[in-house]
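The values are calculated or read from the model by the stated rules, or taken from the named source; none is laboratory data. These numbers come from a predicted model, not from an experiment. Cβ placement follows ideal geometry from the backbone for every residue including glycine, while neighbour counts extend to all protein chains displayed.
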Amino acid sequence: MKSKILFVLCLLTGLMFINAGLDKFFHYMPIPKDMPEKMVKAGKAFMEIGWLMPLVACAEITGGLLLIFPRTRALGVIVILPVLAGILLTNITMAPSGLPIVLVLTAVILWVIIEDKEKYLPLIRK
């Protein structure tokens, strides 16, 4: 039962990251009207750096796809973790209203890390 719940959560999380990555390429989601001014300015600054948003988008799409499948889930977490850290820090400093969703995504990623800890141990052993 636990593995089915984890699969559903990873599927939903992966689809959220895929959607966010595709939006960076195709801009199909509207920008919220109540977005803080600091966040709008930061977004425009990131868009000025021509290679940054496509790089983040590729990481989100790749990590989201890898997260969906149990065999590649551990690698997906490694790809998504830096992006998730940036999202978490952005929401803490500029838009605390988005924090609940980010904390749920973080909890799912941490659960995957805990479940697959034996796959990560060779990375930190001597």
- Starting from residues that are loosely packed, with under 11 Cβ neighbours inside 10 Å and not charged (D, E, K, R), keep the ones in region 97-126 and report whichever is nearest to Arg73 (Cα to Cα). Ile114
- Message: Checking the condition surrounded by fewer than 15 Cβ atoms within 10 Å (Cβ to Cβ) and at pLDDT 85 or above, which residue from Gly14, Gly50 passes?
- Response: Gly50
- Message: Show the residue pairs meeting these rules: Cβ distance below 9 Å; 6+ apart or different chains; first residue within region 56-70 and over 15 Å from Phe25 (Cβ atoms) and at pLDDT 95 or above; second residue part of a helix (DSSP H, G or I) and charged (D, E, K, R).
- Response: Leu66/Arg73; Leu67/Arg73
- Mind checking which residues of region 22-78 are over 21 Å from Leu6 (Cα atoms) and of a type in the set (D, E, K, R)? Asp23, Lys24, Lys33, Asp34, Glu37, Lys38, Lys41, Lys44, Glu48
- In this structure, does Gly86 turn out to be crowded, with 16+ Cβ neighbours inside 10 Å, modelled with pLDDT of 90 or more, on the phi < 0 side of the Ramachandran plot and not aliphatic (A, V, I, L, M)? no
- Message: Taking the conditions exactly as written (surrounded by fewer than 16 Cβ atoms within 10 Å (Cβ to Cβ) and over 14 Å from the mean Cα position of the chain (by Cα)), does Ile78 satisfy them or not?
- Response: no
- Query: Exactly one of (1) free of Cβ contacts under 8 Å to residues at least 24 places away in the same chain; (2) surrounded by fewer than 13 Cβ atoms within 10 Å (Cβ to Cβ); (3) at negative phi is unmet by Lys38. Its number?
  - Reply: (1)
